[in-house]
Amino acid sequence: MPDRKNPEQVFTPRGEFNPSMYAPRRDLEEDFVNKLRRQENILVFGESGCGKTWLFKRVFAQQNIFYKVVNLAHASRNRSISTELLRIANPAGTAIHTGYDQKKGAGAAIPGVAKATLDHTDRYNITTEDPLISAIKKIRKDAKDRKAFIVFDNLERIFDKPELMEELADIITLADDSEFIANNVRLLIVGVPAGVKDYFSKTPNHRTIANRLIELKEVSRLSEYEASRVIKHGFETELGYKIDANNSATITQHILWVTDRIPQALQDYCLTLALHAEKNGFTVHPNDLQIADRTWLTGTLSAAYQTIESQLNERDTKVQRRNQVLYVLGKH
């Protein structure tokens, strides 16, 4: 089968959004679309890996909404949200008009000689506009007549930066400003649940900020039906693999249990399993699950090890206790 896709083209736990592997989430999508019809700015929250980014990209694409994403991790690194927003609105290589030159000539008449002209150029600088307003105007211009959003992603990355917390609070407050309203650009803020609560608790006048935001339902794990569709569609439709017919339900249930139906974990595990099945005749058998478990868990348990070790006191028994705890957790 020469046109068969590679597993990494289908299952994409990180990186570029793969629309063909999106699991429809009707309740969340309906809630999102309804909130898009209102004028408030929107807050999307959910645990890491639950598909917040995939959700807003899917809905924005369906609703033909123009948007620019500001990764607050970059803003944290550069210590400015507005500067990062201006950079996103004006990609590298885009000219920004900051002034103009005016050329003047002065003539001198000498008897019997042609008129001579002396040229000189005056430079006039344009008053520098606030980077936030400049970015908003640029986004509106690029969006044309479409709805436009600025997406602030990874909200939790600026909690330890009081100055950035205050800057974001100011931006949210300014969303009611006349220039914001005139350009009709709204905000979408994306973060984890604990992060959202922390944000409100640390931001001055958080009640005022809260009144300017409307929350989407929490983005959590997939339902059993949604996750099962991802598995079947990915292996059978996209990759053209076969899932052992006699054990299809067993294989699917195992994948759902191991990944807890977390979208990113589901994509990651299925990629591991698909890479193994690729060497095994493009068929997924129950025996493949044990190998996939070992490979996948070995690469993802380091964080769990560190969390458990941090709770153990005896240096000499850390490794033994850690393994015992992991064994007990696995049994439950």
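The values are calculated or read from the model by the stated rules, or taken from the named source; none is laboratory data. Worth saying up front: this structure is predicted, and the values here are computed from it rather than measured. Note that each Cβ is placed from the backbone with ideal geometry, even for glycine, and that neighbours are counted across all protein chains shown. To get the accessible areas, we keep the full protein, side chains included, count just its heavy atoms, and leave off ligands, DNA and RNA. Shrake-Rupley method; radii C 1.70, N 1.55, O 1.52, S 1.80 Å.
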query = Hey, can you rank 281-287, 75-81 by average C-beta count inside 10 Å, highest first?
reply = 75-81, 281-287
Per-pair calculated FRET efficiency, R0 = 22 Å: A249 and E278 via Cβ, rounded to 0.05 = 0.45
key: Violating pairs (Cα-Cα greater than 32 angstrom) within the set K5/K137; K137/K217; K5/K35; K138/K232; K144/K202; K68/K217   = K5/K137; K5/K35; K138/K232; K144/K202
task = May I ask you to derive the FRET efficiency for R229 and K202 from their Cβ-Cβ distance with R0 = 45 Å, giving the value to the nearest 0.05?
result = 0.70
request  = Grab the beta carbon distance between N184 and N211, set R0 = 25 Å, and tell me the FRET efficiency rounded to 0.05.
outcome  = 0.80
note = Of region 128-153, those with amide N under 12 Å from the point 7 Å along the Cα→Cβ vector of N64 are 145-147
request  = Would you please put 168-174, 50-56, 37-43 in order of how densely packed they are, using the mean number of other Cβ atoms within 10 angstrom per residue and starting with the highest?
outcome  = 50-56, 168-174, 37-43
task = Run the accessible area of region 179-272 with a 1.4 Å probe and give the carbon-and-sulfur part as a rounded percent.
result = 48 percent
note = Under 5 Å from the placed amide H of E215, counting only residues 5+ away or on other chains, we find L43
request  = Run the quick spin-label model on S20 and N78: label points 7 Å from Cα toward the beta carbon, then report their separation in nm to one decimal.
outcome  = 3.5 nm
key: Stretchable slack from D3 to L36, in nm (0.36 nm times residue separation minus alpha-carbon distance)   = 7.9 nm
